[in-house]
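Reading through the structure tokens given below for one structure.
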Amino acid sequence: MRIPIEKILSASSGDHGVDKNLVADLTALIEHGATILPVVVFTDPGGRHWLADGYCRLLASRKAGQVEIEAQGISGTKADAVSYRDGALRAQGRR
């Protein structure tokens with residue numbers, strides 16, 4: 001599913017340990033037409049999309065001028081998104 005970038009909310013505060021070099025590389029790839037992995041969002045009963053994984057991809061897409069992003073949507077709450085995000089960061093060795 002494609003979601004407007006402006007409709008995706010951060011499930012936590014902070015910069016999520018943003019790798020600025022990765023964001024720059026992803027931005028360049030997007031600008032050259034590459035397809036990147038979808039972000040993961042949890043959509044709550046109110047229709048809010050909470051970002052769970054893919055913060056660098058979201059930033060790069062925004063930086064590249066995209067207005068929508070491909071997303072894997074999962075039904076759940078903000079707390080579910082935080083839990084998923086923490087698991088993804090641990091799997092990456094970042095937390």
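The values are calculated or read from the model by the stated rules, or taken from the named source; none is laboratory data. Since this is a predicted model, take the numbers as computed values, not measurements. Cβ sites come from the backbone with ideal geometry, for glycine too, and all protein chains shown count toward neighbours.
Numbers at a glance
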{"item": "Test: residue in the range 46-62 that is touching a residue at least 40 places away in the same chain (Cβ under 8 Å) and exposed (fewer than 14 other Cβ atoms within 10 Å of the Cβ)", "result": "no"}
{"item": "Among residues of the range 66-80, those that are over 17 Å from residue 1 (Cα atoms) and either in contact (Cβ under 8 Å) with a residue 24 or more places away in the chain or touching a Ser or Thr at 6+ places or on another chain (Cβ under 8 Å) (or both), counted", "result": "3"}
{"item": "Some residue of the range 71-85 being in contact with a helix residue (DSSP H, G or I) (Cβ under 7 Å, 6 or more places away or on another chain), buried (at least 19 other Cβ atoms within 10 Å of the Cβ) and modelled with pLDDT of 95 or more", "result": "no"}
{"item": "Test: residue in the range 9-31 that is buried (at least 18 other Cβ atoms within 10 Å of the Cβ), more than 10 Å from the chain's Cα centre (by Cα), modelled with pLDDT of 95 or more and closer than 15 Å to residue 85 by Cβ", "result": "no"}
